[in-house]
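To keep things clear, I will list the structure first and then write my remarks on it.
The values are calculated or read from the model by the stated rules, or taken from the named source; none is laboratory data. Bear in mind that the values here come from a model prediction, so they are computed numbers and not experimental data. Please note: Cβ atoms are built from the backbone with ideal geometry, for glycine as well, and neighbour counts cover all protein chains shown. Side chains are part of the model used for accessible areas, which takes the heavy atoms of the whole protein and leaves out ligands, DNA and RNA. Shrake-Rupley method; radii C 1.70, N 1.55, O 1.52, S 1.80 Å.
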Amino acid sequence: MRVLLINGSPHEKGCTYTILAEVAGQIEAAGIETEYFHIGDGPIRGCTGCGGCAKTARCVYNDDGVNACVEKLIKADGVVVGSPVYYAGPNGALCAFLDRMFFMKSQLFAFKPAAAVVNCRRGGGTAAFERLNKYFTISRMPVVSSQYWNTTHGFTPEEVRQDKEGMQIMRTLGKNMAWMLRAVAKEGIAEIAAQQEDTTPTNFIR
């Protein structure tokens, strides 16, 4: 089994990576592989609602990492998306990335356990956390919880590591993700999907 950890910060080894790594440590301790995907710091197109992905299940734009990340999530058994908090929301580039990653492709990710984690300096964490979870709940993905909202506080990785409660929340999340993956594996995603009615959402009205 493998969990994909998407780093939605422009900083590859910053605060967001720090909390993702804390989650990954517990997942790996349970014998499950992890893989990081950094969206980078380059320009990322927003979704134009062209509908081209309805035919191919891939975005028509292939000049950033969206389609590569789609392929990785198809092969993964679960996903954790991490973001810094900007103006009480996730990184705008990450939202553009996820809009294109999930639009008309949610059937590819159904029943894969998912979680979001965010880091803020002071406030806005719960609003950003809520926004990210909507990508999962519209895609029939079980949302993995922790012992509190999946938020840490700090302006640098060193400050984040000093947030003892926040880091404990991340460790609990990692343990819960491992538990959920084992539970799903017993039943099998294919078997679960076969029992469900096809309710693939249109996601947006153009």
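Miscellaneous remarks
- Output for segment 1-55, where each listed residue is more than 17 Å from residue 115 (Cα to Cα), open to solvent by 50 Å² or more (accessible area, probe 1.4 Å) and either touching a Pro at 6+ places or on another chain (Cβ under 7 Å) or part of a helix (DSSP H, G or I) (or both): 29, 41, 54, 55
- Screening residue 95 with (1) closer than 18 Å to residue 27 by Cβ; (2) in contact (Cβ under 8 Å) with a residue 24 or more places away in the chain gives one miss only, at (1).
- Hits in segment 83-97 - residues which are in a strand (DSSP E or B) and not small (Gly, Ala, Ser): 84, 85, 86, 90
- Looking only at segment 72-117, and only at residues there that are of a type in the set (A, V, I, L, M) and either open to solvent by 10 Å² or more (accessible area, probe 1.4 Å) or over 14 Å from the mean Cα position of the chain (by Cα) (or both), the one that is farthest from residue 181 (Cα to Cα): 88
- Residue 69 in a loop (DSSP other than H, G, I, E, B), surrounded by 15 or more Cβ atoms within 10 Å (Cβ to Cβ) and in contact (Cβ under 8 Å) with a residue 40 or more places away in the chain: no
- If you go through segment 150-192 and pick out every residue that is surrounded by 16 or more Cβ atoms within 10 Å (Cβ to Cβ) and among the aromatic types (Phe, Trp, Tyr), you end up with 0.
- Given (1) out of contact with any strand residue (DSSP E or B) (no Cβ under 6 Å at 6 or more places or on another chain); (2) assigned to a helix (DSSP H, G or I); (3) at pLDDT 95 or above, index of the condition residue 145 fails: (2)
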